[in-house]
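Have a look at the structure below, then the notes.
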Amino acid sequence: MAIPDFQSLMLPLLQIAADGNEHSLADARQILASQFSLTETELEETLPSGRQSKFANRVAWAKVYLQLAGLLLSPRRAHFQISPRGKEALRSAPKRIDIKSLEQFPEFVTFRTKRTQPETPVGVSTLHEAEPETPEEALEAAHAKMRAGLASELLNRVKSASSEFFERLVVELLLRMGYGGSRMDAGQAIGKIGDEGIDGVINEDRLGLDIVYLQAKKWDGAVGRPEIQKFVGALHGKRARKGVFITTGTFSTNAIAYVEHIDPKVVLIDGHRLAELMIDFDVGVNTIGTYQVKRLDSDYFEET
C-alpha cells in the first residue's frame, strides 16, 4: 500500500505509546511499517531533497503534532511517551486522530494560528483545510514548483536569444562547471569549427589532460539519431573519446538509445537539462532569498 500521510499515522503512533513506557521513533517506525505493510521500496523512498526518507519524515511530524497538542511527551531526543491527556484521548476509542481533532486543544490552535496567520487572507481560515503533506514536504514541493517554472522561463529566453548569445552562455556554463581552464581558453576552444552553432573542443580539466568535443544546436523539435551519428563520426575522425551534444530542444528515443551502446562516450544535454544546469551553477539566475531550516539541538540542553 502507499505510504500513509502523517495525519493517518497519528492514532497508531499514540496507540504505540498507550502502555505508558518510553518509546523510540526508530522502534515506532518498525512497528508502523509492519502495521501498514510497507515494502522496502516504499521505506526507501525519500523526500525530493534526498536527505530523509518520506516515511521517517511523516512519523516524526506525527509525533511533533501530537506533542504540540499535549498528547505526547518528549522525554529525550527521538523518543516519546504518552501524556495524561493522551491517555484520556484514547479512552474515547477514536477512529482517527488528525489536525481537525487536535484543534480541540488550545495549545495546538495557538500553534496553528501563529503558523498560518502571516499568509492567510483576511476572513479566510486555514485551520480546517486538508493537510496531507508534512511541512518539509510542502516546502520541498513549493521549491520544486518554483524551480520548474524558472527552468521553463530560462529555456524560453535561451531559445529566443541569438546564436552568439547561446555560444557565450555555453562557455559560461562550462566554466562554472569546472571545464575549460580560463575564460580565454574556453572562448578560443569553442566555436573553432563553426558548424551550425557551437562545435569545438574544450579542456575537460584545468590542466588540459583530456579534451571534450562539443556540439550545441538551437533546436525546437527533437534531435534524431542521424544528427548524433554525424557527431559521433566526427569524434571518430578526431580519435576522440568523449563528446557532449547540447540542444535547446529534445532528443528522440532512438538517439538516446544509440548513445548508450557506443564508444566514444557521448553525453546528451537537452533543453530541460540545460536549464537545470543553469540553475544549479547560477548562470542567468540570481538568488532573491535564502531560507534556513533549523531543528532543535538536543545536545545543547544536556546537563552534565
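For region 160-175, give me each residue that is part of a helix (DSSP H, G or I) and either hydrophobic (A, V, I, L, M, F, W, C) or more than 13 Å from residue 216 (Cβ to Cβ) (or both).
Once the filter is applied, which keeps residues that are part of a helix (DSSP H, G or I) and either hydrophobic (A, V, I, L, M, F, W, C) or more than 13 Å from residue 216 (Cβ to Cβ) (or both), region 160-175 yields 160, 165, 166, 169, 170, 171, 173, 174, 175.
Selection within region 122-158: residues that are modelled with pLDDT of 90 or more and over 15 Å from the mean Cα position of the chain (by Cα). The member of this set that is nearest to residue 54 (Cα to Cα) is 152.
Checked against (1) touching a residue at least 40 places away in the same chain (Cβ under 8 Å); (2) within 27 Å of residue 164 (Cβ to Cβ), residue 293 passes all but condition (2).
The numbered conditions (1) surrounded by fewer than 18 Cβ atoms within 10 Å (Cβ to Cβ); (2) touching a residue at least 40 places away in the same chain (Cβ under 8 Å) are all true for residue 104 except (2).
Scanning for something outside any helix (DSSP H, G or I), farther than 22 Å from residue 133 by Cβ and among the basic types (Lys, Arg), does region 74-82 turn up at least one residue? Within region 74-82, one or more residues are outside any helix (DSSP H, G or I), farther than 22 Å from residue 133 by Cβ and among the basic types (Lys, Arg). State which residue is nearest to residue 211 (Cα to Cα) when the search covers only region 159-171 and only residues that are modelled with pLDDT of 85 or more and surrounded by fewer than 19 Cβ atoms within 10 Å (Cβ to Cβ). Within region 159-171, the match that is nearest to residue 211 (Cα to Cα) is 165.
Considering the conditions (1) over 21 Å from residue 132 (Cβ atoms); (2) of a type in the set (Asp, Glu); (3) within 27 Å of the chain's Cα centre (by Cα), residue 42 is excluded by exactly one of them, (1). On inspection, residue 178 does not qualify as modelled with pLDDT under 85, within 28 Å of residue 210 (Cβ to Cβ), in a loop (DSSP other than H, G, I, E, B) and not polar (S, T, N, Q).
Among the residues of region 45-67, those identified as buried (at least 17 other Cβ atoms within 10 Å of the Cβ), in contact (Cβ under 8 Å) with a residue 60 or more places away in the chain and under 15 Å from the mean Cα position of the chain (by Cα) are 47, 54, 57. Can you say whether residue 295 is outside the structural domain of residue 221 (by TED's automatic domain parsing), out of contact with any strand residue (DSSP E or B) (no Cβ under 9 Å at 6 or more places or on another chain), surrounded by fewer than 19 Cβ atoms within 10 Å (Cβ to Cβ) and charged (D, E, K, R), as far as the supplied structure shows? Yes, satisfied.
In region 15-31, the residues that are loosely packed, with under 14 Cβ neighbours inside 10 Å reach residues that are in a helix (DSSP H, G or I) with C-beta atoms within less than 6 angstrom, at least six apart or across chains, in these pairs: 18/90. If you filter region 202-252 down to residues that are β-branched (Val, Ile, Thr) and assigned to a helix (DSSP H, G or I), you find that the one that is surrounded by the most Cβ atoms within 10 Å (Cβ to Cβ) is 228. Figure legend. Inter-residue proximity from region 266-287: first residues within 13 Å of residue 166 (Cβ to Cβ), second residues surrounded by fewer than 15 Cβ atoms within 10 Å (Cβ to Cβ), beta-carbon distance below 6 Å, spacing 6+ or different chains. No pairs are indicated.
The values are calculated or read from the model by the stated rules, or taken from the named source; none is laboratory data. Please read all numbers here as calculations on a predicted model, not as lab measurements. When we count neighbours, we look across all protein chains shown, and the Cβ atoms used for this are built from the backbone with ideal geometry, even at glycine.
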